[in-house]
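J.: Got a structure for you, written out below as structure tokens; questions coming shortly.
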Amino acid sequence: MPIKPIREKWKGTMTDRERFNHQMHYRPFDRCFNMEFGYWDENFTQWKMFKENGIKSDSQADLFFSFDRLECVSGNIWLSPHFEGKVVEETETTRTVLNGDGLLAVERKDGSSIPHYIGSSVVTPDDWKRVKEERMRVDDPARIVNIEWLKERYPDDRDFPLSVNCGSMIGKIRDMLTFEGLAYACYDYPDMVEDMVEQCCLLVEHFLDQVLPHITFDLASGWEDICFKNGPIVTVDFFKNVVTPRYKRIRKKLDAYGIDIWYTDCDGDVRPLLPYMLEGGINCLFPFEVNGCAHPSELFAEYGKDLRIMGGVDKMALGSGRDAIDSYMKSLAPLVERGGYIPFCDHRCPPNVPEEDYLYYLDLKEAMFGLK
Amino acid sequence: MSLFEEISATLQQGRKPKVEQLVQQGLDEGISPKSLLEEGLLPGMEVIGEKFKNNQVFVPEVLVAARAMNAGVAVLKPYIAAEEIGGKGKVVIGTVKGDLHDIGKNLVKLMMEGRGLTVVDLGIDVPAETFVTAAIENDADVICCSALLTTTMNEMKTVVEKSEEFNIRDKVKIIIGGAPVTQSFCDSIGADSYTEDAATAADVALEYCSV
């Protein structure tokens, strides 16, 4: 069924691309870039407006709310091929699966919680050697990018911003080894973990070498999720000495093509790692988590205009009623005005937010940050 | 540096084989297992807990230190009564029903064991009634509930209600924690304590067990 938007696109005098680039480079912009990160799966089955209008995915919701457009080009920069997924065991409410990353995971059948990881296919250097040879080869033909298709889809004169995905230097390794497994491996097999980071970097560099000469990107993106509410899940020394030098190599490639904004998606309290992210060339946090870290203004006060933030609307405030939403949004007004900040819910909007309040938030956002 | 200090320092560095070796050396020298535990291993974990609370170390350091402590305790186990390991009190811990997250819960467990508490781990996706029946069966001093999701944290309220229904509310303290949990939420459901991090949860549990 065709998507009938519930909200019109915010009025503006710039294209989405002009607006994004102006806003993130502290230049005058017509109005705030309007985007959201997404929704829990339950929102699609519980929110009446989604159910009645056949909205079943984040991309459909983007059209439904007429958000501004931001797209990303990703390459084959991880396991290739992935492990073959299979169900190992089932109960009434859960299933135990071997997933594509080679992890043994318990999942709830109703999808209401992220999986519980109970085992990894990579524990020792011998395991890694095998996986590296079988699934992490840079010269795998499956890693060749279809440049002509991309050029056709993303011409230089497009009117929306486009990011190039710089992947993950340590987050996917965390996925592969498990949270505890990574911590132990850094102590037990430091050379193995560094070699894993190096291989991730080589795969990203290989991808960037293919696409950067042919496509004009507005920003770079990435994902780590290497922190939680009590700080990083790798040691600061490891991050500084092993991860940051690889970021610097990627930064050099981006610089050669004039791509100066680079965000990474990292949940939790990123503050202990942030100096080393900035040193490596990552200068934007996305979709910056408030409850696990701080109000965005605290980080801006510390890092000034060297840091940009996308996200940072506290999902807890969205679920706490309209007074809480009003109060929180007011706290963001000076940040939008300063530039380098695009507000949206810090991660997918959870189902405890009433849909009426979510619409109230979207309308308030337009009233505060839309075209005056 | 005394042997106790060396055990403590080595444990803080996460050097599991060295901790095992030093604890064995202590036994060979005729030092009592209880002293090795209480003057070497537990103080080491206490320092790690303090550093964790003060953001001087983070989760990886805690995990490897706890692993080293467990290795040291394993060396002592044949020579020490079970009640002396973890003899400072008993806690039942779990992640509430509907929630499969266990990282925070595991950290709290490690910290509590590192402070000399016995911890009965109920795992993940634990129904409220299971917390309460496990507390009764194990004669626990504390119930500790973890949740990462805004949608599952309300199950903690059910744990409080079930403890009242089973008439143990005046006998056990209930500690709650997890990313979405706050002090005001704790107050609203009538739990005893909300703690911001694993080390503080261990401190509070120890305090409750000492009363």
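Where a number appears in this text, it was derived from the coordinates with a stated rule and is not lab data. Values in this document were obtained by computation on a predicted structure and should not be read as measured data. Reconstructed Cβ throughout: ideal geometry from the backbone, glycine too, with neighbour counts over all protein chains shown.
J.: Mind jotting down the distance between the C-alpha centroids of the stretch A:195-215 and the stretch B:106-163, whole Å?
T.: Distance between centres, Cα-based: 45 Å.
J.: Arrange A:Glu337, B:Glu5, A:Glu18 by Cβ neighbour counts within 10 Å, fewest through most, would you? Let's see the in-between values first.
T.: Details: A:Glu337 10, B:Glu5 13, A:Glu18 17.
Going from sparsest to densest Cβ surroundings: A:Glu337, B:Glu5, A:Glu18.
J.: For peptide B:103-112, how many partner chain Cβ atoms fall within 10 Å of a residue's Cβ, on average?
T.: Working: counts 7, 3, 0, 2, 4, 0, 0, 0, 0, 0.
That average works out to 2.
J.: So if we plug the beta-carbon distance of A:Ile118 and A:Asp209 into 1/(1 + (r/R0)^6) with R0 = 41 Å, what FRET efficiency do we get, rounded to 0.05? Display every interim value, and only then the final one.
T.: Values: r = 38 Å, r/R0 = 0.92.
Approximately 0.60, to the nearest 0.05.
J.: So how long is each side of the stretch A:221-372 along the principal axes, counting just the alpha-carbon atoms, biggest first, in Å?
T.: 47, 34, 24
J.: Under 1.5 on a/c is rounded, so check that first for the stretch A:104-171, then, if it is not, pick prolate when a/b is larger than b/c and oblate when it is not; a ≥ b ≥ c are the square roots of the alpha carbon gyration tensor eigenvalues.
T.: Oblate is the answer for the stretch A:104-171, as a/c is 1.5 or above yet b/c matches or exceeds a/b.
J.: Provide the gained length on full extension for the span A:Ser331 to A:Glu355, in nm with one decimal, where the gain is 0.36 nm per separating residue minus the Cα-Cα distance.
T.: Using 0.36 nm per residue and subtracting the Cα-Cα distance, I get 6.4 nm.
J.: Something else: For the pair A:Asp260/A:Ser66, report the inter-label distance in nm, with labels modelled 7 Å from Cα in the Cβ direction.
T.: 3.3 nm
J.: Quick one: grab Rg to one decimal and Dmax as a whole number for the stretch A:110-232, Cα atoms only, in Å.
T.: Radius of gyration, then largest Cα-Cα span, for the stretch A:110-232: 17.4, 51 Å.
J.: Other chains' Cβ within 10 Å of B:52-64 residues: what's the mean? Working shown, then result.
T.: Details: counts 2, 1, 0, 5, 0, 3, 13, 12, 15, 4, 2, 9, 7.
Going residue by residue through B:52-64 and averaging, the value is 6.
J.: Another question, if that's okay. Two decimals is fine: what's Rg over Rh for the stretch B:59-107, C-alpha atoms, Kirkwood radius as Rh? Walk me through the intermediate numbers first.
T.: Working: Rg = 13.9 Å, Rh = 13.1 Å.
Ratio of gyration radius to Kirkwood radius: 1.06.
J.: Note the per residue figure in Å³ for the convex hull of the C-alpha positions in the stretch B:1-157.
T.: 108 Å³
J.: Pull out a ≥ b ≥ c, the square roots of the eigenvalues of the alpha-carbon gyration tensor of the stretch B:138-210, then state rounded if a/c is under 1.5, prolate if not and a/b is larger than b/c, and oblate in the remaining case.
T.: Since a/c reaches 1.5 but b/c is at least a/b, the shape of the stretch B:138-210 is classed as oblate.
J.: Determine the relative contact order of chain B: mean sequence separation of Cα pairs under 8 Å and six or more apart, normalised by residue count, in whole percent.
T.: Contact order relative to length: 19 percent.
J.: Would you mind ranking A:Cys349, B:Cys145, A:Cys72 by Cβ crowding within 10 Å, fewest neighbours first?
T.: Details: A:Cys349 24, B:Cys145 30, A:Cys72 13.
By the 10 Å Cβ count, ascending, the order reads A:Cys72, A:Cys349, B:Cys145.
J.: Give the shape of the stretch A:44-181 as rounded, prolate or oblate, defined through the alpha-carbon gyration tensor: a ≥ b ≥ c are the square roots of its eigenvalues, a/c under 1.5 means rounded, and otherwise the shape is prolate if a/b is larger than b/c and oblate if not.
T.: It comes out oblate by the Cα gyration axes.
J.: Something else about it: Over all directions, the average projected area of the alpha-carbon convex hull for the protein assembly as shown comes to how many nm²? It would help to have the intermediate numbers written out before the result.
T.: Details: hull surface 113.2 nm².
Orientation-averaged projected area of the Cα hull: 28.3 nm².
J.: In Å, what Rg and Dmax follow from the Cα atoms of the stretch A:204-269?
T.: Rg, Dmax (Cα atoms, Å): 13.6, 42.
J.: Please check: in the Gaussian network model of chain A (C-alpha springs, under 10 Å), which one of A:Tyr361, A:Tyr189, A:Tyr341 has the largest mean-square fluctuation.
T.: A:Tyr189
J.: If you don't mind, there's one more thing I want to ask. Working from Cα positions, state the angle (0 to 90°, nearest 10) between the long axis of helix B:103-114 and the longest principal axis of chain B.
T.: 50 degrees
J.: Here's something else I'd like to know. So what's the angle, to the nearest 10 degrees on a 0 to 90 scale, between helix A:322-338 and the longest Cα principal axis of chain A?
T.: Result, in degrees: 80.
J.: Here's something else I'd like to know. For the stretch A:1-117, what's the radius of gyration and Dmax over Cα atoms, in angstrom?
T.: Computed over the Cα atoms of the stretch A:1-117, radius of gyration and Dmax are 19.6, 57 Å.
J.: Sort B:Met156, A:Met176, A:Met192 by Cβ crowding within 10 Å, fewest neighbours at the top.
T.: Going from least to most buried by this count: A:Met192, A:Met176, B:Met156.
J.: Extension gain B:Val211-B:Gln183, at 0.36 nm per residue separation less the Cα-Cα distance, in nm?
T.: 7.8 nm
J.: Based solely on its DSSP helices, what 222 nm [θ] is calculated for the protein assembly as shown when runs of n ≥ 4 H residues each add -39,500 (n - 2.57) and the sum is averaged over all residues, nearest 500 deg cm²/dmol?
T.: About -13000 deg cm²/dmol.
J.: Here is a follow-up. Would you tell me the mean number of C-beta atoms belonging to other protein chains that fall within 10 Å of each C-beta in A:180-187, as a whole number?
T.: The mean count of partner-chain Cβ atoms within 10 Å per residue comes to 5.
J.: Round to the nearest 10 and give me the degree value, 0 to 90, for the angle of helix A:355-369's Cα axis relative to the longest principal axis of chain A.
T.: It is inclined by approximately 70 degrees.
J.: While we're here: Would you mind putting A:285-296, A:127-138 in packing order, based on average other-beta-carbon counts within 10 Å, highest first?
T.: A:285-296, A:127-138
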